[in-house]
Amino acid sequence: EEDEEEQEDASDPSEGDDGEEQWESESSSPEDGGVPEASEPPEEEEEEVGIFYCFPGKNHNQSAAKYVPPQVRKVQETLDDKKREELGRLKKMVNGLINRLSEPNMSSISGQMEELYMANSRKDMNETLTDILMNACVTAVAMPARLMMEHVLLVSILHHNVGIEVGAHFLEAVVKKFDEHCKSDAEGKECENLLALIAHLYNFHVVHSLLIFDILKKLVSTFTEKEIELVLFLLKNVGFSLRKDDALALKELITEAQKKANTAEKKLQDQTRVRFMLETMLALRNNDMRKIPGYDPEPVEKLRKLQRTLVHSSGSGKDTQLRVSLESLLSADQVGRWWIVGSSWSGAPMISDTNTKTQQKLHIGKASSKIMELARKMRMNTDIRRSIFCVLMTSEDFLDAFEKLLKLGLKDQQEREIVHVILYCCLQEKTYNPFYAFLAGKFCQYERRFQVTFQFSIWDKIRGLENLSAAAISNLVSLLAHLLRTKSLALSVLKVIEFSELDKPKVRFLRQVLSMLLIKTDAEELSDIFVRVSDNPKLGMLREGLKLFLTHFLLKNAQAHKSAEEASLLKERVELATKALQAKEAKLKL
């Protein structure tokens, strides 16, 4: 009878509560701060505080329970409900935009999606957008090609304007789903729809041809009727683009397919689909579009032109293509996602216990105090500057820093401190750190007011070059060259330099900036950069000064100090820049 009473007391330790208490197991050894064994816990202590209770019939040294107060549980449930409600609201908004998506309103829909990305967590937005697009495009019946193109075009625009993690998340989900359906024996059209999504992601410069060739090689290696149809479908959509990107890889694929066709079973050799696939491959190799029935590149080209008008960056999108293989995407959960900057590890967790967690918390606390001490040493003498500095030092990448700095909610004069702190930190680095240049470029492209603030700040630094150290001048040169190369700032930023009164520091600075700009920029982009200052009558002095400096200071110095190959390249680029500066001058005179 006493044993039964003890069990009843232990199983119901708090009769006065609402009966929904939650218990979490935790070590109860005396060294860890647990409570020693107690068969009959006193009722008074039970009501006042949450106590660890040992349950009879279990190992008292290993198991115990921790009381969770109802107030804490209510807060957790309220947070979960709020999160669920926010996600539901976000899903409705995104679903409404996707339902109205078409070519004429692509501009407004993509703009509203970008605003949603700025207002919500990227993780939530990526997951919501991917789920909605997959439900809309991946069905058991074949989807219209036009609809697939428009949906993928939206992903491509967000991929280039918001960040590569948008396209990376969608691509990974599509490829994994495609691999699952290929392994199953389902008779629906899900595989064709998923393959169409991957093909159009390649057409709109989200993914590199490496992934397409990996998929084709996998399909050819299996070589069943289903795989042959998928190969034909993929080649019809992206065959000629693959030939332009990597003709040698396409030739190797055709050779492999011919070998497979010769060594395949007799029933496959007699089928016309195999012969038709080989004829299609030969037509691709010979660049003969007429032999591919139903091939029409016009819809894709039309949407590519629309894409170029809606993408903010001036490049063609080649630099944001994901050069990732099929194997890397399928094993992303095990080996990580190296193609996303700052990607978190989501594979098998390391072995950990309470001691390591405590050490980790202590380490984080020390790091934050170190950052505050570093901010003091860097003369961040106001709360705003210290906040900006801490964001810069603790961000995962420049996109993370950009979002966190915007969320500080600074206004007017306070907002300009962002530019001052970025520039100050960049110049204080011992070696050039491109993080600051990419962050500065992001702010310049976001709002014109940041562009103006950066221009004035750089003017101040140029005027006081003699007060800067050699490392600071080198960092300023690299930063300015990057901003000019990416068209975040115009070449008119150099108008502050008086070419008639150049001293040695300014000559050296200008020579380094222009050399880096001329050599590291493509010829077409270089021409665009210099043409932008050729049609403004107010910049006549700058044009004349630049032409004089390029020919008399830059070329003569290059011939004396650089190799013949570098000197010839620089001479060619100087001629191109000079022509660009004079491009619209003649029209103005006329």
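The values are calculated or read from the model by the stated rules, or taken from the named source; none is laboratory data. The structure presented is a predicted model; accordingly, all values stated were derived computationally and were not measured. No Cβ is skipped: glycine too gets one built from the backbone with ideal geometry, and neighbour counts run over all protein chains shown. For the accessible areas, the whole protein counts, side chains as well, though only heavy atoms, and no ligand, DNA or RNA atoms are used. Shrake-Rupley method; radii C 1.70, N 1.55, O 1.52, S 1.80 Å.
Among rounded, prolate and oblate, which fits segment 415-463 when a ≥ b ≥ c are the square roots of the eigenvalues of its C-alpha gyration tensor, a/c under 1.5 means rounded, and a/b larger than b/c means prolate? The shape class here is oblate. Gain on full extension, evaluated as 0.36 nm per residue between A136 and E566 minus their Cα-Cα distance, stands at 149.4 nm. Here the dipole of segment 71-335 is about 400 debye; that uses its Cα centre as origin and unit charges on the Cβ of Lys and Arg (positive) and Asp and Glu (negative).
The stretch between Y295 and I371 holds 21.4 nm of extra length on full extension. This uses 0.36 nm per residue minus the Cα-Cα distance. Per residue, segment 385-582 exposes 49 Å² of accessible surface when a 1.4 Å probe is rolled over the protein heavy atoms with every protein chain present.
On average over all directions, what projected area in square nanometres does segment 71-335 have, based on the convex hull of its Cα atoms?
16.5 nm²
A 1.4 Å probe, protein heavy atoms only, puts the accessible area of K461 near 60 Å². Name the shape class, rounded, prolate or oblate, that the alpha-carbon gyration tensor gives for segment 427-514, where a ≥ b ≥ c are the square roots of its eigenvalues, rounded holds for a/c under 1.5, and otherwise prolate holds if a/b is larger than b/c and oblate otherwise. Oblate, since a/c reaches 1.5 and b/c is not below a/b.
The residues packed around S474, meaning those with a beta-carbon under 14 Å from its beta-carbon, carry a net charge of +3 if Lys and Arg are +1 and Asp and Glu are -1.
Approximating the spin labels as points 7 Å out from Cα along Cα→Cβ, the M541-to-T382 distance works out to 3.2 nm. Rounded, prolate or oblate: pick one for segment 467-521, where a ≥ b ≥ c are the square roots of the eigenvalues of its C-alpha gyration tensor, a/c under 1.5 means rounded, and failing that, prolate if a/b is larger than b/c, else oblate. The shape class here is oblate. With a 1.4 Å probe and all protein chains left in place, how much of the accessible area of segment 71-335 comes from carbon and sulfur atoms, in whole percent? Within segment 71-335, the accessible surface is 51 percent carbon and sulfur. What segment 71-335 shows is 50 Å² of accessible area per residue, with the surface traced by a 1.4 Å probe over protein heavy atoms. Over the Cα atoms of segment 385-582, the radius of gyration divided by the Kirkwood radius equals 0.98; this is the Rg/Rh ratio.
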